[in-house]
Structures are given as C-alpha cells and as structure tokens.
Amino acid sequence: MAADKLSTRHLLGIKDINREDIELIFETADNFKDVINRPIKRVPSLRDITIANIFFENSTRTKLSFELAEKRLSADVINFAASSSSVSKGETLIDTVNNILAMKVDMVVMRHPYAGAGQFLSRHIEAQIVNAGDGAHEHPTQALLDAFSIREKLGDVAGKKVVIVGDILHSRVAISNILCLQKLGAEVMVCGPATLIPKHMASLGVRIEHNLIKALNWCDVANMLRIQLERQDIKYFPSLREYAMMYGLDKQLLNSLDKEIVIMHPGPINRGVEITSDVADSNQSIILDQVENGVAVRMAVLYLLASQRD
Ligand code: NCD
C-alpha cells in the first residue's frame, strides 16, 4: 500500500524519495493517465497554483511534457528560457529566480547545466522545486516515467532485469534510473565502453558489462542512452561509427536474441548511433509510450507536491 502523502516538499532527485513515494506517484499517475485519454483532458486540481518552468539548458520533450502536465491540471504557467533572458546580462541564479517569485510563483520546474542547482535554490527560496535535469546529476521525472512504463509493459518492476546502455558517465538519466529501479526491486546493469562507465558504479550495486550481446541476453529491458557529446570535453571512444558498431542496437542483433526484450530510450534519439530506426520504430520499442506516460507521471508529481501545501 502506498502512503497518501509524499515524504518530501521538493522533487530534487530520486535519492531523496523512498519506495512508498514512488508507488504513490505511480498510483496517482494511473488516474491521470485515464484523465488524459478522455475527451476532456483537463482537471481543476491546480487551479490556484502558478508554476514557472525555468530552463537554462535546451529541452524539447521534458519542457513540453511539464507544460502540458501543468495545463492539464489547470495551473497558471509561465515559461522562461535562459538564452533569451537577463542571465546573459550577468544576473545570478538567485536574483533571476527571486524576480520570478516576486510575481507570486508557487512552484519552479528547473533544468540547469550544473549538478545541485535545484538543491542550492531550495535552500534560498520558498517555492517548491522540481528538478527537470541538473547537469550530469539527476533527472528524477525521467526515471519515474521510465519505471512507470516498465511497470505498464511488464506488470511490475520488481525482479525485472534492466540494462542501461551507453554514456553512463555523463548521464543524469542513468543515475536517476539506477536509483529508482533499485528502490523498486529491479536488478540493474550498465553497459558501455570502460571510458564511459564511472568507477563509482560498482559501489551502487549495479552489474557492469562491456559486451552488448551479453548484456542484451541477460536483460528483460534495454534502455539505450544517447552519447552526450555536448558534455564531453575529451574523446572517450575513437569515433561515433565505431561506437555504433560496438554498442549500437540494430534489428539483426535484436532478432538474434532468444527472447523478446523491451527497448526504451529517453530521447532525443540519434538514429543509427545508439539505435537504428527499425529498432526504435519496432513493436518491441516503448519509446512513444514513455513520452505519453511522461505527462501522466509529471501531473502526478506536481499534484502530489501541491497537495503538500495545505
Ligand atoms: C535526456 C536529458 O536531457 O537528460 N533527455 C530527456 O530529458 N528526455 C537525455 C538526453 O539528453 O540524452
């Protein structure tokens, strides 16, 4: 049985929430998934709440998904993109956010290139904060929607074997997924070239595998991550072509396995690098379900955080 209240006022990372919180978010998201599949997709739950989406880093899916979730809950929404703002004139993070809060904002959804930016802000402002990705640190709502999608597809997360393939070193999706899947009782493996698997992985209790074929034969679910070229300041592998040969998933490899595994990807996909088009678009892929579930899961997170207020 899930609790009826989250144990936290902010959602900064999966490391700060427990299994009961995750189960409560999932049960709430089940209800919201019904709502967004109805002809009238809007509920009045956040009618008195104002949410600011503050994005200091590029985003397509996550930004649209949060915005849609907020609108489906009838919140008032303001959007802020750092590239078109006074940040480029030298304003500090606290000043930027305090100016936004002076407009009576209740919640801030923030994406930022620095790890810990949400944590830092939560110590300086009153509003509740949802981390929409902070550097290579955490991306909690992505991990929640990923685990929710596994639960939807396979019935449960506990006992399932999930391999996360690719650029583990620079990926906030990987860290949040590992923590979330482990809290729900899944077994987790990471797979990629040794240069892209940080040493601390072993201390998290995940399996490490450098051979993609072995990893795929082990797992029930493969989450194929993008190479985060924008975060790489040195070369971690000879070329994208070689990476694709060693760690890319194509239809031939998928068909050579003796079982049907589930394929996931957080997007954006680099077709032909980590995954080929025929795999991304195959019926083993749940990539678009992840996107749909993202809205329901984010509605659940915002709704549950807002209900902490009274
Ligand atoms: C991820 C991110 O931004 O961390 N994308 C996303 O939120 N859907 C993964 C990525 O950029 O590769």
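Coordinate-derived values only; no laboratory data. Predicted model, so just to flag it, every value in this text is computed and none were measured. All Cβ positions, glycine included, derive from the backbone under ideal geometry; neighbour counts span all protein chains shown.
Per-structure values
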item: For segment 7-46 versus segment 266-310, the gap between their alpha-carbon centres in whole angstrom; result: 14
item: Cleavage-rule hits (trypsin sites (Lys or Arg not before Pro)) in segment 246-287: DSSP loop, at most 15 neighbouring Cβ within 10 angstrom; result: Lys259
item: Residue order, fewest to most surrounding Cβ atoms within 10 angstrom, among Leu305, Leu257; result: Leu257, Leu305
item: Choice from Val279, Val35, Val173 with maximal GNM fluctuation in the chain (Cα, 10 Å cutoff); result: Val35
item: Mean Cα-pair separation over length for segment 46-106, i.e. relative contact order, pairs under 8 Å, 6 or more apart, %; result: 44
item: GNM top mover of Ala244, Ala174, Ala132 - the chain, alpha-carbon springs below 10 Å; result: Ala244
item: DSSP loop GluC sites (Glu not before Pro) with at most 13 other Cβ within 10 Å excluded, longest remaining stretch of the chain; result: 127-259
item: Other-chain or far-sequence residues with amide H under 5 Å of Asn223's (modelled H); result: Val163, Ile164, Val165, Met264
item: Shape category assigned to segment 125-187 from the gyration tensor of Cα positions, a/c cut at 1.5; result: oblate
item: Dipole moment magnitude, nearest 20 debye, segment 140-287 about Cα centre, only Lys, Arg, Asp, Glu C-beta charged; result: 300
item: Two-decimal Rg/Rh across segment 140-287, once Rg and the Kirkwood Rh are taken from alpha-carbon atoms; result: 0.92
item: Listed residue (Ala143, Thr96, Ala81) projecting farthest to the positive dipole end of segment 1-159, Cβ model; result: Ala81
item: Under 5 Å, built H, 5+ apart or other chain: amide partners of Val130; result: Leu11, Val108, Val109, Met110
item: When the convex hull of its Cα atoms is projected in every direction, mean area for the chain (nm²); result: 16.1
item: Segment 170-252: C-alpha gyration tensor shape, a/c 1.5 cut-off, then a/b vs b/c; result: oblate
item: In degrees, nearest ten, helix 19-36 long axis to first principal axis of the chain (Cα); result: 80
item: Integer Hz, Karplus 6.51/-1.76/1.60 couplings in order for segment 162-176, x for Gly and Pro; result: 10, 9, 10, 10, x, 7, 5, 4, 9, 9, 6, 5, 4, 4, 5
item: Candidates Leu93, Leu181, Leu73: whichever shows maximal mean-square fluctuation once the chain is modelled as a Gaussian network with Cα springs under 10 Å; result: Leu93
item: Relative contact order [Cα under 8 Å, 6+ residues apart], the chain, whole percent; result: 20
item: Cα-based shape type of segment 1-78, given that a ≥ b ≥ c are square roots of the gyration tensor eigenvalues and the cut on a/c is 1.5; result: oblate
item: Relative contact order of segment 205-300, pairs being alpha-carbon contacts under 8 Å that are 6 or more residues apart, as %; result: 33
item: Footprinting exposure proxy for Arg298, Arg172, Arg207 (fewest neighbouring C-beta atoms within 10 Å first); result: Arg207, Arg172, Arg298
item: Sparsely packed trypsin sites (Lys or Arg not before Pro) within segment 1-94, loop by DSSP, other Cβ within 10 Å at most 14; result: Lys5, Arg9, Lys41, Arg42, Arg47
item: Cα-centred dipole magnitude for the chain, charges only on beta-carbon of K, R (+1) and D, E (-1), debye, nearest 20; result: 220
